[in-house]
Amino acid sequence: MNGTIRSRWSRLVAGAGAGLSLALLAMSEPLPPRPILDGFTADPSIRVFGDTYYVYPTSDKHEWMTTDFSVWSSKDLVRWKKERMVLDVANELSWAKIKAWAPDCIERDGTYFFYFCAEGKIGVATGDNPAGPFKDALGRPLLDRAADPRMTTNPIDPYPFIDDDGQAYLYWGNGYERANALRLSRDMLRVEGDLIDIPIAGTSSGAVVDFREGVVVFKRGGRYYFMWSVDDARSDDYRVAYGVADSPLGPVRIPAEGALVLSKRGIVKGTGHHSVVRVPGTDRWYMAYHRHAIPVGGGYQRETCLARMEFAEDGRILPVDPWRPAFVEGDVGEPITAAVLAAEAKAKAGEAADGGFLFVTFKGEQTPRTEQVYFATSADGRAWTALNGAEPVLESALGERGVRDPFVLRAHDGRGFFLIATDLSINLNPDWSRAVRAGSRAILVWRSEDLVNWSGPRRVEVAPEDAGCAWAPEAIYDEEAGEYLVFWASTTGRDDFAKHRIWAARTKDFATFGAPFLYIEKETTVIDTTIVREGGRYHRFSKDEKHKAITLETAERLGGPWREVPEFSLAKLVGYEGPQCYRVPASADGRGAAWCLILDHYAAGEGYKPFVATELAGGRFEPGAGFAFPFKFRHGSVLPITAAERARLEAAFARGNGR
């Protein structure tokens, strides 16, 4: 906190007048949280780019006659500094000179797009740095109500949003009971298509929560959240409400109870025109908002504050207390580490790489060689080509002398790859009862520096001493613990091998493993667990062996708590196993980027079948189109790879050069 704010707060009681001084001193509560920015600011847009948070506010002037925009930055949400003026409306625009309000900034393809309003019109400026400066991109307004009679609300308070499928939208609005939206072009400089009128009006908990201005849109848990400000910004009752939608264009459903998120309390008044930010790599959210400056401010003298925004288990936004500080003295805040950035980048892209994908699989139980490891590659994750003449690339003569359920992953530091698999051959020993009760307690482990040259297999016992088997091992790097979590399905003698549970162990190098521990316990048998990450949350697919169905759970941490996703659309699908999930890019024939969940349709002997969804949190999948497999892929895994890695693989195994 800089000296000016400290000084203003230290003088609050002494200089506010005797009546207010006595009232403050008599209060049993402490003073409300300090503002985070120096001076009078309002309409804050909070964003995160890389390892830095930014706030783009309106700089308050008398009767809102503001002529410029500035930006503040923070590495931790606690300590803020003013960076610079980023756009001088009075001197750098040809189409407006004053009333510079409510800016926002978003990044696409390395360019930062700065949307703002001036003289009741919306403009867009661009720059190559989130700290500015920004230059007017069009030499004219992007949106002007006088030029577009379709608008049903005033074009101020722009809010840009890019959905998971890559489509960008621009929302705005000021008036009563409605916001407007248009799709943005890929270059973010043009609006396209039909104008969407989004009515937002109603009551909640007996209070009117009609839209007035300051629309905010974000996505969490498969839902689109719409938030807005209620009442006039000069009113003490200026406040924030929310609703939800199934589409980025509405319709918006206002909760019957609890839609008001932020309201005045005591001397804290005029709490509104907010924005929200998610801490990268987490499901922790914060709200930046303005209030009437304390003690003598009002609608033209406001200050920017920060609060934690929390969600109930069912996705409801919980009320925000304007007296509760986001952080207390001594807190380190929310710094963003390099490891978190790397994990977030992988999650955002679905671990997509620029060169395509590697599939590792096995063929089935027909011969001893069909229970070995096969490779295939794909440029787009949809059309696959078998490598090595559709013959095994890796084989094991250890233990059970078969390999099933291979799983490949890139080392967390990018230095090499690991492949782990089930030590089992049903062709050589077709007794499934024996495999469950007296099979191998080991997994098979290979290592490679380049995906082409692999070490010989090692057989590593990981399961408990009374385990009957160790099936379908997978692994994920736990950023929080700094080691890999390896998990698999085992039966144990302690309950006479009655059911499979998911066990786990930790390792840093796949050479030495910690003691096994129970990871997933269900009422029924559970096998074939896989875990992926998206949007700061983990998503866990497993097979419920009793019902022969796939389940989906989600958690913020690998250690839980985990909760089932009730909206999972494939929950009643039966006869499938071996779930694997990866993100495919947009295709040349117009299919958008999507998460692909492939399931081994073992009951019909058909191999993997694809299902796609725009995001994981909602669990709404539908059959995928445009997928082609050279043979019936069985339980395996997918690894995003670079162009160089794919070229190396295809060259090495083009003529059956198995290694």
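The values are calculated or read from the model by the stated rules, or taken from the named source; none is laboratory data. Being a predicted model, the structure only gives us computed values, none of them experimental. When we count neighbours, we look across all protein chains shown, and the Cβ atoms used for this are built from the backbone with ideal geometry, even at glycine. Just so you know, the surface numbers come from the protein's heavy atoms only, side chains and all, with ligands and any DNA or RNA stripped out. Shrake-Rupley method; radii C 1.70, N 1.55, O 1.52, S 1.80 Å.
Structure summary
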| read-out | value |
| --- | --- |
| Residue, nearest to Ala470 (Cα to Cα), within segment 527-538, restricted to residues that are open to solvent by less than 10 Å² (accessible area, probe 1.4 Å) and of a type in the set (Ser, Thr, Tyr) | Thr529 |
| Count of segment 597-620 residues which are in a loop (DSSP other than H, G, I, E, B), more than 22 Å from Ile641 (Cβ to Cβ), aliphatic (A, V, I, L, M) and modelled with pLDDT of 85 or more | 0 |
| Residues of segment 394-411 satisfying the condition of being in a strand (DSSP E or B) and over 26 Å from the mean Cα position of the chain (by Cα) | Leu394, Val403, Arg404, Asp405, Pro406 |
| Members of segment 231-268 that are closer than 18 Å to Phe311 by Cβ and of a type in the set (D, E, K, R) | Asp246, Arg253, Glu257 |
| Failed item, numbered, when Leu20 is tested on (1) open to solvent by 10 Å² or more (accessible area, probe 1.4 Å); (2) in contact with a Pro (Cβ under 8 Å, 6 or more places away or on another chain); (3) over 19 Å from Met287 (Cβ atoms); (4) at pLDDT 95 or above | (4) |
| Restricting segment 544-564 to residues that are touching a residue at least 60 places away in the same chain (Cβ under 8 Å), open to solvent by less than 10 Å² (accessible area, probe 1.4 Å) and not polar (S, T, N, Q), the residue that is nearest to Gly281 (Cα to Cα) | Leu558 |
| Candidates Leu31, Leu37 - the one that is closer than 24 Å to Val328 by Cα and modelled with pLDDT under 90 | Leu31 |
| The listed residue being in contact (Cβ under 8 Å) with a residue 60 or more places away in the chain, closer than 22 Å to Val78 by Cβ, assigned to a loop (DSSP other than H, G, I, E, B) and out of contact with any Leu (no Cβ under 7 Å at 6 or more places or on another chain), out of Pro325, Pro248, Pro255, Pro280 | Pro325 |
| Some residue of segment 264-271 being of a type in the set (Gly, Ala, Ser), open to solvent by 10 Å² or more (accessible area, probe 1.4 Å) and assigned to a loop (DSSP other than H, G, I, E, B) | yes |
| Considering residues of segment 568-596 that are modelled with pLDDT of 90 or more and part of a loop (DSSP other than H, G, I, E, B) only, the residue nearest to the chain's Cα centre (by Cα) | Phe568 |
| Residue satisfying condition, being under 17 Å from Gly250 (Cα atoms) and without any contact (Cβ under 8 Å) to a residue 12 or more places away in the chain, within set Gly222, Gly193, Gly202, Gly206 | Gly193 |
| Failed condition for Arg34, given (1) under 17 Å from Met287 (Cα atoms); (2) part of a strand (DSSP E or B); (3) open to solvent by 40 Å² or more (accessible area, probe 1.4 Å) | (2) |
| Residues within segment 169-192 that are more than 20 Å from Arg140 (Cβ to Cβ) and in contact with a Leu (Cβ under 9 Å, 6 or more places away or on another chain), tallied | 3 |
| Sole residue being touching a Cys at 6+ places or on another chain (Cβ under 7 Å) and open to solvent by less than 50 Å² (accessible area, probe 1.4 Å), chosen from Phe487, Phe541, Phe510 | Phe541 |
| Every residue from segment 568-596 that is open to solvent by 30 Å² or more (accessible area, probe 1.4 Å) and of a type in the set (Val, Ile, Thr) | Val574 |
| Test: Ala475 is within 16 Å of Phe407 (Cα to Cα) and of a type outside the set (Phe, Trp, Tyr) | yes |
| Residue tally, condition hydrophobic (A, V, I, L, M, F, W, C) and under 15 Å from Gly222 (Cα atoms), over segment 529-566 | 3 |
| Unmet criterion (only one of (1) without any contact (Cβ under 8 Å) to a residue 60 or more places away in the chain; (2) out of contact with any helix residue (DSSP H, G or I) (no Cβ under 9 Å at 6 or more places or on another chain); (3) on the phi > 0 side of the Ramachandran plot) for Gly575 | (2) |
| Residue selected from segment 412-465 under the condition farther than 22 Å from Tyr519 by Cβ, open to solvent by less than 10 Å² (accessible area, probe 1.4 Å) and among the hydroxyl-bearing types (Ser, Thr, Tyr), by the criterion farthest from the chain's Cα centre (by Cα) | Ser425 |
| Leading residue by the ranking (nearest to Arg620 (Cα to Cα)) among those in segment 203-221 that are surrounded by 20 or more Cβ atoms within 10 Å (Cβ to Cβ) and touching a Lys or Arg at 6+ places or on another chain (Cβ under 9 Å) | Gly221 |
| Residue count for segment 612-651, restricted to those that are among the acidic types (Asp, Glu), open to solvent by 50 Å² or more (accessible area, probe 1.4 Å) and over 23 Å from Phe541 (Cα atoms) | 1 |
| Leading residue by the ranking (least open to solvent (accessible area, probe 1.4 Å)) among those in segment 191-202 that are assigned to a loop (DSSP other than H, G, I, E, B) and out of contact with any strand residue (DSSP E or B) (no Cβ under 7 Å at 6 or more places or on another chain) | Gly202 |
| Residue in segment 57-68 that is nearest to Tyr112 (Cα to Cα), counting only those that are surrounded by 15 or more Cβ atoms within 10 Å (Cβ to Cβ) and out of contact with any Asp or Glu (no Cβ under 8 Å at 6 or more places or on another chain) | Asp60 |
| Breaking point among (1) more than 16 Å from Val215 (Cα to Cα); (2) open to solvent by 40 Å² or more (accessible area, probe 1.4 Å); (3) part of a loop (DSSP other than H, G, I, E, B), for Asn91 | (3) |
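Yes/no per residue for (1) assigned to a strand (DSSP E or B); (2) over 24 Å from Thr66 (Cα atoms):
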{"residue": "Tyr112", "(1), (2)": "yes, no"}
{"residue": "Phe116", "(1), (2)": "yes, no"}
{"residue": "Asn129", "(1), (2)": "no, no"}
{"residue": "Pro133", "(1), (2)": "no, no"}
{"residue": "Arg150", "(1), (2)": "no, yes"}
{"residue": "Leu170", "(1), (2)": "yes, no"}
{"residue": "Val216", "(1), (2)": "yes, no"}
